[in-house]
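Undergrad: One structure, as structure tokens, below. Some questions next.
The values are calculated or read from the model by the stated rules, or taken from the named source; none is laboratory data. Note that the structure is a prediction, hence the values are computed from the model and not measured. Cβ coordinates were reconstructed from backbone atoms using ideal geometry, including for glycine residues, and neighbour counts include every protein chain displayed.
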């Protein structure tokens, strides 16, 4: 099996895990466990907390002390255990702490998977700019297939979604042991703690363009989390109206939401073309308009006329 095929499978599993629960866990907690909207939001906030802290920390560890592929394996083993335990949790406070543990070790794997892919491609003398996007696209495909699996299997309101995610995480942990070993970087002498922790990167914020980009990314991330947390429950709630109870949107809301991931497949492959032709500012402006349109469709959509 060629290295590109192996990396595609790794990317597929990486995002299959996430797609198994990210969009539907909110509906499970609200409708099955009886959590309040605030409690669901708190559970989902675990991702944000972990995203602020752990990727940088794990990146430093992978760079200086533990090989990235071994760290990647360890993270997914811990995630598998956390997700498996989460399937048996019915208390919102416990669910928060369990999902925080999962997030603390899953969020860094998003960057680690990219590191592994780039290293393996360079080692095989393959151009990363050309070869990485098609590999990353398989991650989105994995996310879509996971959403369809959960939806068609009628697991959106069941803890089975967490068991599926746990199984996929364990499989990926074992599979990642077959990935080529990645050496740690050579330690530099007389390197201060600021550099060791990567804090000197904050000097980039002196550039206005970098500060604006960071603000844009942060706000876009906030909007995305609202969709991830409450998009699926929002569509499920249409079932409370007898007029919409038998609509496909109520029965299979994740399939409708997966349209955005389908579009992502196309646009990931198109990014090099659009950046070259229109530039980053235009691409970002179009993306903001697209987000506005997305929420507009949520507001005015009619479940009966969907599909």
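Undergrad: For a quick check of your reading of the model, give me the residue pairs whose first member lies in the range 197-208 and is under 15 Å from residue 53 (Cα atoms), whose second is surrounded by fewer than 11 Cβ atoms within 10 Å (Cβ to Cβ) and at pLDDT below 70, with beta-carbon atoms closer than 8 Å and at least 6 apart or on different chains.
TA: No pair meets every condition.
Undergrad: I'd like to know if the range 232-255 contains one or more residues that are under 25 Å from residue 16 (Cβ atoms), surrounded by fewer than 13 Cβ atoms within 10 Å (Cβ to Cβ) and modelled with pLDDT of 80 or more.
TA: No, because not a single residue in the range 232-255 is under 25 Å from residue 16 (Cβ atoms), surrounded by fewer than 13 Cβ atoms within 10 Å (Cβ to Cβ) and modelled with pLDDT of 80 or more.
Per-residue answers, yes or no, for (1) assigned to a loop (DSSP other than H, G, I, E, B); (2) over 19 Å from residue 212 (Cβ atoms); (3) modelled with pLDDT under 75:
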| residue | (1), (2), (3) |
| --- | --- |
| 270 | no, yes, no |
| 274 | no, yes, no |
| 278 | no, no, no |
| 283 | no, no, no |
| 288 | no, no, no |
| 293 | no, yes, no |
| 296 | no, yes, no |
| 299 | no, yes, no |
| 304 | no, yes, yes |
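Undergrad: Output the helices (runs of 4 or more DSSP H) that fall wholly within the range 116-222 and possess 2 or more residues being in contact with a helix residue (DSSP H, G or I) (Cβ under 6 Å, 6 or more places away or on another chain), under 25 Å from residue 74 (Cβ atoms) and at pLDDT 90 or above, or say none.
TA: 128-152, 160-175
Undergrad: If you check residue 17 against the conditions, is it under 20 Å from residue 254 (Cβ atoms), assigned to a loop (DSSP other than H, G, I, E, B) and under 18 Å from the mean Cα position of the chain (by Cα)?
TA: Against the criterion (under 20 Å from residue 254 (Cβ atoms), assigned to a loop (DSSP other than H, G, I, E, B) and under 18 Å from the mean Cα position of the chain (by Cα)), residue 17 does not qualify.
Undergrad: Moving to a separate point now. Do we find a residue being closer than 28 Å to residue 259 by Cβ, crowded, with 22+ Cβ neighbours inside 10 Å, touching a helix residue (DSSP H, G or I) at 6+ places or on another chain (Cβ under 6 Å) and touching a residue at least 40 places away in the same chain (Cβ under 8 Å) anywhere in the range 55-73?
TA: No; the residues of the range 55-73 include none that is closer than 28 Å to residue 259 by Cβ, crowded, with 22+ Cβ neighbours inside 10 Å, touching a helix residue (DSSP H, G or I) at 6+ places or on another chain (Cβ under 6 Å) and touching a residue at least 40 places away in the same chain (Cβ under 8 Å).
Undergrad: For the range 55-65, indicate whether the set of residues that are modelled with pLDDT under 90 and under 14 Å from the mean Cα position of the chain (by Cα) is non-empty.
TA: yes
Undergrad: Among the residues of the range 29-38, is any touching a helix residue (DSSP H, G or I) at 6+ places or on another chain (Cβ under 7 Å) and buried (at least 24 other Cβ atoms within 10 Å of the Cβ)?
TA: yes
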